[in-house]
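J.: Mind looking over this structure? Questions follow.
The values are calculated or read from the model by the stated rules, or taken from the named source; none is laboratory data. These numbers come from a predicted model, not from an experiment. Heads up, the Cβs are rebuilt from the backbone with ideal geometry, glycines too, and the neighbour counts pull from every protein chain shown.
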Amino acid sequence: MSAIAYTPGAANAPYGNLPLNPQGSNYAQESGFTTAETILIAKAVQAAIFDTAPARYDAMKILMMKPFEDVNNDEFEYLEMTFGRTAVSATAIVAAVAAVPGAVVTQVIPMTAQSVQRLTPDLIIVYPNNTKAVVRSIAGLNVTVASQTSNGLPAVAANDVFPILSSIEHDGAVGFQNYERTETVTRYNYVQLFARARRWSRMELQKHINSGTTDYLNKDKEHQIKQLRIDMFNAYWNGNRGEYQLASGVAAKAMGGVYPTMIAAGSAVGNPTLATLQTVFEQLAFATNFKVEGGTRFIYGTAEMLNELSKIYKQPGLRYTPNDTTIKLDLQRIEVGGMNFVLVPCELWREQSCFGPEWRRRLIILDQDTITPTKVKGMQAFEVGETPDSIQNQTLSANKDWWVKGQMGLKFNNPLGSFIIDLL
């Protein structure tokens with residue numbers, strides 16, 4: 001028998017649709033039905049929590065799918081072989097020398113200290129007007145050169161640059177004039193450790209397991225893994241190599257990422273406007289092209305920036321087909337002067353919680369073959385786990401921790417084969 005008597009349909013009727021609200025009802029709070037919440041009905045919650053993170057993280061897929069290279073320590077060095085040829089330059093004005101029929105004329109050209117280290121007798125150098133001369137001797141910073149027979153030598157201006165054409169030798173020569181050793185550039189980086197965790201008290205966790213109305217626990221784990229990958233993605237692009245003193249007072253090594261490595265190495269940087277974007281892009285593309293003909297480089301940028309570049313090259317969309325069939329991404333490529341460029345959306349660069357505002361108008365063009373992520377041998381690049389329910393150190397664990405860890409360093413050979421565009 002009910003303890004409440006009422007008239008159906010009355011304004012103050014205690015039963016009906018409007019007063020029937022689940023516990024924690026937003027409507028009940030907003031409409032004044034604060035006492036009309038009941039345990040008899042469940043709050044309608046979408047069982048699968050919607051993941052609002054953008055779906056297209058093609059850049060992250062490409063970067064993380066390349067196999068990690070094992071290194072023995074969390075500090076590692078790697079060598080890079082140089083091209084082996086460098087132009088030489090003058091430091092002072094030198095007068096022209098007139099030709100003498102049937103004879104050679106000589107000229108003494110003051111050069112930089114770096115230049116004379118690149119020269120030996122019997123190397124042919126090329127003047128700015130394409131005249132050739134052969135090196136006769138070197139005394140200090142003065143280089144004596146001789147013309148071809150019956151030719152003269154042009155005037156030299158300070159800072160004139162002379163390419164090295166070739167070596168030359170006469171038949172029957174005894175010994176050699178030109179001795180060299182291959183030069184290498186030593187680069188180094190650190191392996192950085194990454195970690196994120198979730199902690200639940202034992203009772204709190206059990207209540208979620210027993211009475212949870214959503215898949216929150218699973219989504220929480222997935223979100224934790226995604227955040228670690230974003231940590232690693234951000235460091236991949238913008239990490240500064242060095243050391244940080246952590247809250248515990250212990251120091252930790254930080255990896256150097258792509259952008260700081262390129263800046264430190266002197267990679268080409270262009271600052272065009274929209275009107276000059278095509279000209280600057282093509283100038284830098286040709287100047288940094290060390291790939292074989294038709295080789296592929298990747299253009300990373302926000303969708304907005306890639307759209308500006310796509311509008312310039314109004315050709316039918318060409319589909320990028322990688323050799324590795326596991327990377328099946330819906331990417332477009334463009335062809336410029338026999339070079340291939342794949343457009344890779346990098347929308348995380350727009351996210352102000354990850355990158356500064358300058359990244360929104362930046363393009364980074366990479367020779368991806370020269371970049372390799374690294375990890376310490378014997379350890380996993382990614383690890384996921386949880387703390388056990390057991391007595392540890394005489395104390396029953398009162399919490400459950402879910403954790404995910406990662407480690408990554410970076411080898412970047414020949415950063416000069418990649419370039420940066422910051423749109424003004």
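J.: If Met81 passes every condition in (1) under 30 Å from Gly175 (Cβ atoms); (2) surrounded by fewer than 12 Cβ atoms within 10 Å (Cβ to Cβ); (3) modelled with pLDDT of 90 or more but one, which one does it miss?
T.: (3)
J.: What number of residues within region 69-116 satisfy the criterion of being part of a loop (DSSP other than H, G, I, E, B), out of contact with any strand residue (DSSP E or B) (no Cβ under 9 Å at 6 or more places or on another chain), of a type outside the set (Phe, Trp, Tyr) and under 20 Å from Pro163 (Cβ atoms)?
T.: Going through region 69-116 one residue at a time, the tally reaches 1.
J.: If we only count strands (runs of 3 or more DSSP E) wholly inside region 218-304, which ones have 1 or more residues that are in contact with a Leu (Cβ under 6 Å, 6 or more places away or on another chain) and either loosely packed, with under 14 Cβ neighbours inside 10 Å or assigned by TED's automatic domain parsing to the domain that holds Trp200 (or both)?
T.: Because the criterion is at least 1 residues that are in contact with a Leu (Cβ under 6 Å, 6 or more places away or on another chain) and either loosely packed, with under 14 Cβ neighbours inside 10 Å or assigned by TED's automatic domain parsing to the domain that holds Trp200 (or both), the strands (runs of 3 or more DSSP E) in region 218-304 that meet it are 251-254, 268-270, 296-301.
J.: Next question. What pairs come up if the first residue lies in region 267-278 and is over 19 Å from Ser418 (Cα atoms), the second is outside any helix (DSSP H, G or I) and of a type in the set (A, V, I, L, M), and their beta carbons are under 8 Å apart, counting only those six or more places apart or on different chains?
T.: Thr273/Leu423; Thr273/Leu424; Leu274/Leu423
J.: What residue, of Asn129, Asn151, is out of contact with any Lys or Arg (no Cβ under 9 Å at 6 or more places or on another chain) and either within 20 Å of Glu180 (Cβ to Cβ) or part of a loop (DSSP other than H, G, I, E, B) (or both)?
T.: None of the others qualify; the one that does is Asn129.
J.: Collect the residues in region 333-392 that are in a strand (DSSP E or B), within 17 Å of Phe233 (Cβ to Cβ) and modelled with pLDDT under 90, keeping them in residue-number order.
T.: Result: Val344, Pro345, Phe382.
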